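Below: the structure, in structure tokens.
The values are calculated or read from the model by the stated rules, or taken from the named source; none is laboratory data. Fair warning: this is a prediction, and the values are worked out from it, not measured in the lab. Backbone-built Cβ (ideal geometry, glycine too); neighbour counts: all protein chains shown.
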Amino acid sequence: MSDLLTLTGITKSFGGVRALKGVDFSLRAGEVHALLGENGAGKSTLMRVVGGELQPEAGSITFEGRSLTLADPKAAADLGIAVIHQELALAPDLSVAENIFMRELPAAISWGKLNRRARDVLARMGFELDVRRRVGDLAVAQQQVVEIAKALSRDVKVIVFDEPTAVLSSRDAQRLHDIIAVLRDSGVGIVYISHRLEEVFKIADRMTIMKDGALVGVTSPQVSTIDDVIRMMVGRSLAALFPKAAHRSIGEEVLKVENLRRGIKVRGVSLSVRAGEIVGLGGLVGSGRTETARLIFGADAKESGEIRVHGKVVKINSPLDAVLAGIGLVPEDRKHHGAILDMSIRINTTMARLKPVVNALGFIRRQRERDTVMKLGQQLRLKSAGPEAPVSSLSGGNQQKVVLAKWFHAGGDVIILDEPTRGVDVGAKTEIYGLIEELAAAGRAILVISSEHQELFGLCDRVLVMAEGELRGMLLPEDYSEEKLLALAMTNSVAADQAAPLDLPAHKHQPVN
Amino acid sequence: MTQSVTATPVPASRRSFDAGEFFRRYGTVCIFVVLVVGAAFESNAFLSDRNIMNVLRQISGTGIMAVGMLFVILTGGIDLSVGSILALGSVVSAIAIDAHGTGLGVGLSVAAGAGCGLVTGVLVAYAGLPPFVITLAAMTAVRGFALIVSDGQPIMMGDDASTVITNFGSGFFLGIPDPVWLMALVFVLAGVVLTFTKFGRLVKAIGSNREAVRLSGIAVPRYVMAVYVISGALAALAGVITTSRTGVGSGVVGVGSELNVIAAVVIGGASLMGGKGGVINTLLGALVMGVIANIMNLVGVPGYNQQVCMGAIIVIAMLLQHGSRWFKR
């Protein structure tokens, strides 16, 4: 069988970082081709090239034997290439039928005809769905069906699925696989990106493995085992950035979380962290780590679960409750959640505990506040023009230090850090690792979320691994290896079918408190 | 904090004149100065003591309401109900001063305004409803309420009861009208609160990045609610001034005044997205509105034309403060 789509030597950089380094990829008609790799390996970037969303700097694209360039997503769509992203591109207030024919809605809609055509498309996929329903009211799995139907409403030759089952229960994932089988048998070429290796091994005809923006190899489930594939995916190493672990003594249990739940992102997580201990929370992006942290901190409302600090049950319904209980969170999204960029270092630093710098009448004791902030700035080796400089004037690493300073100042016993070194240069990384060590040495209980496995291994006393909203296992230092971490994160899908059907958006901000 | 070699605070090149930055900062001052100079050329009467005091007296109500509106806008909200609360304040003060004397009467009036603000504040801050719609509803409801309380009629106060308050309305202290002193007091207090207190800091911070403030463990809704209470109380206080100037409480005063108040705050450089704005510029914004109306009256521009000019001035102010990026393109 000849290739339907061939990519040769695709190269793409973002601001000096090479995201794709001359990648080759080929897809045949009527095959399911899995694209595998860690977060940041370049899978999604490559597929955005296929979808015409990104233009490569070098390399060629051949489609049905013709060499061509894909200038924009419309060009790709016109050729019959559809990319279904993780974040569905649907209009929640429109009906199923309207969404399916979004690109070609006539100025005057004939509802009878539109709905009939929509039903036809769904029937071809073997699906029944009321085409007049509002898409926002559908379950995520059904929305995905609409997204696929949208692609099938035109003559489609290539469909790319970017982690389609990440949000699905295993029963819905099975139905999706049935649809994919139908598509394959009708001669469509399918690219399938997934972190669930077991399901990949069930449905893929071939597998391409990427690492750090480069091609590692092409294989098939008949030739390789899951372990082989994991071995091909890992192997990135960070320089030795980690401070020699100070002599920390690990004490009493400080934070204990039991059976935390919210929607499908956090499904019964229990963990504990002791004084002076650094515990890592590993897993893939989207495995529910950030959501777990936000639930512990009260940033989102939990459906159930109990949180204890120093053995006492604390009611945490808002970040205020968490701060009063002595819990701090360095959020993943520094610019929107961590710091007030327009305001000064001084104001940001004292935000979580204003009491010592405010007098009984509510007036700020400016001198005392300045002194406090200056002292913290020195302790954290903050590089700035002074405490009055706006946080936006700082480098990423120093912005992160301001967020850390906020929790140094707040003085709680539990600190949760979500991707603490994201967007931070190497030098500042080392310093931030040192500060985390310092916090632990001072007897704080630390929970670190990171997608950089080496960071977890270098920093943590033990690493918990999450997948699909559940804790899948724990690694102790003697077990530290990326293979073992990925094996926990990517296999053993015991996805419960009774998974809460609520599909709450994970980052829905609570307006109250 | 360590001064570092790698982070040079102010590069020399930035000392050169940046027109966009200049107007963003001093746009309101510029507009004000240009207006005053222009007005002085247009009319000899403009710079007379009498006329200046007149302008100040006229803007005292708008100015006081603008302070409340500034707090609301700093949090990223809006309060459309201030014109109606002004009317309620006027009506309640006329009735209550007649019945209970000046002190308690003024107190009750301000409390009524604060009560209106409390209701909108709770709905906006705790129920998470959009401030535009909620205060629009309050605008209608409170206006109706003011008309119900006054039975749709102007409320005359008895001569004895009204002496103190009308003396305040027409009186002078050190050559400056009493209501202007009251406005000055409100501005000074607001300036102190915004600059030196925890409350002022958090109001600005909430407007800058509400989520980051919430994730620092601050009870955000409490502060959001408070700004609507302040806005309501100050609007009612402006209503008391209206009553003091005419000696009559009326449920129909202040129709459309919320728009003048918002215009004053916005001409003062505040961002409707929240977080940006200050007391001094807000005062200048109120003065700009007052001076424009005054000079057009002095040179005899008809009322409808005045409205068109007013709209044009607001647009010019916006272009000066925020248009530099657009011009650069």
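Is it the case that the stretch B:138-145 has a residue that's surrounded by fewer than 18 Cβ atoms within 10 Å (Cβ to Cβ), outside any helix (DSSP H, G or I) and touching a residue at least 12 places away in the same chain (Cβ under 8 Å)? Scanning the stretch B:138-145, I find no residue that is surrounded by fewer than 18 Cβ atoms within 10 Å (Cβ to Cβ), outside any helix (DSSP H, G or I) and touching a residue at least 12 places away in the same chain (Cβ under 8 Å), so the answer is no.
Kindly indicate whether any position in the stretch A:91-104 is basic (K, R) and in contact with a Lys or Arg (Cβ under 9 Å, 6 or more places away or on another chain). Looking through the stretch A:91-104, at least one residue is basic (K, R) and in contact with a Lys or Arg (Cβ under 9 Å, 6 or more places away or on another chain). Is there a residue in the stretch A:137-149 that is in the same structural domain as A:H85 (by TED's automatic domain parsing) and either closer than 22 Å to A:Q222 by Cα or among the basic types (K, R) (or both)? Looking for residues that are in the same structural domain as A:H85 (by TED's automatic domain parsing) and either closer than 22 Å to A:Q222 by Cα or among the basic types (K, R) (or both), one finds none in the stretch A:137-149, hence no. In the condition set (1) facing chain B (nearest Cβ under 9 Å); (2) out of contact with any helix residue (DSSP H, G or I) (no Cβ under 9 Å at 6 or more places or on another chain), A:I364 is compliant with all but (2).
Of all positions in the stretch B:47-64, none carries a residue that is assigned to a loop (DSSP other than H, G, I, E, B), touching a residue at least 40 places away in the same chain (Cβ under 8 Å) and surrounded by fewer than 20 Cβ atoms within 10 Å (Cβ to Cβ). Checking each residue in the stretch B:200-228 for being more than 7 Å from chain A (Cβ to nearest Cβ), within 17 Å of A:T349 (Cα to Cα) and small (G, A, S) picks out only B:G200.
Just one residue in the set A:A97, A:A118, A:A108, A:A89 is farther than 17 Å from A:Q143 by Cα and among the small types (G, A, S); that residue is A:A108. Residues that are within 21 Å of B:T195 (Cβ to Cβ), surrounded by 19 or more Cβ atoms within 10 Å (Cβ to Cβ) and facing chain B (nearest Cβ under 7 Å) within the stretch A:367-388 comprise just one, A:P387. Within the stretch B:251-265, is even one residue touching an Asp or Glu at 6+ places or on another chain (Cβ under 6 Å) and of a type in the set (S, T, Y)? Among the residues of the stretch B:251-265, not one is touching an Asp or Glu at 6+ places or on another chain (Cβ under 6 Å) and of a type in the set (S, T, Y), which makes the answer no.
Determine, yes or no, whether A:K312 is modelled with pLDDT of 90 or more, over 19 Å from A:E468 (Cβ atoms) and surrounded by fewer than 22 Cβ atoms within 10 Å (Cβ to Cβ). Here the answer is yes, as A:K312 does meet what is asked.
The set of residues in the stretch A:242-258 that are in a loop (DSSP other than H, G, I, E, B), at pLDDT 80 or above and of a type outside the set (G, A, S) comprises A:I250, A:E252. Test A:G326 against the criterion of being within 13 Å of chain B (Cβ to nearest Cβ), at pLDDT below 95 and either under 17 Å from the mean Cα position of the chain (by Cα) or surrounded by 21 or more Cβ atoms within 10 Å (Cβ to Cβ) (or both), and give yes or no. For A:G326, the condition - within 13 Å of chain B (Cβ to nearest Cβ), at pLDDT below 95 and either under 17 Å from the mean Cα position of the chain (by Cα) or surrounded by 21 or more Cβ atoms within 10 Å (Cβ to Cβ) (or both) - is not met. For A:G338, the test of being within 14 Å of chain B (Cβ to nearest Cβ), touching a strand residue (DSSP E or B) at 6+ places or on another chain (Cβ under 8 Å) and buried (at least 18 other Cβ atoms within 10 Å of the Cβ) is passed. A:E437 meets the conditions (1) in contact with a Pro (Cβ under 6 Å, 6 or more places away or on another chain); (2) within 11 Å of chain B (Cβ to nearest Cβ) in every case but one. The failed one is (2). Does A:L281 meet the test of being in a helix (DSSP H, G or I), among the hydrophobic types (A, V, I, L, M, F, W, C), buried (at least 21 other Cβ atoms within 10 Å of the Cβ) and more than 11 Å from chain B (Cβ to nearest Cβ)? No; evaluated as a whole, the condition is false for this residue. Name the one entry in B:G175, B:G128, B:G171 that is within 26 Å of B:L56 (Cβ to Cβ) and either loosely packed, with under 12 Cβ neighbours inside 10 Å or within 14 Å of another protein chain (Cβ to nearest Cβ) (or both). Exactly one residue qualifies, and that residue is B:G175.
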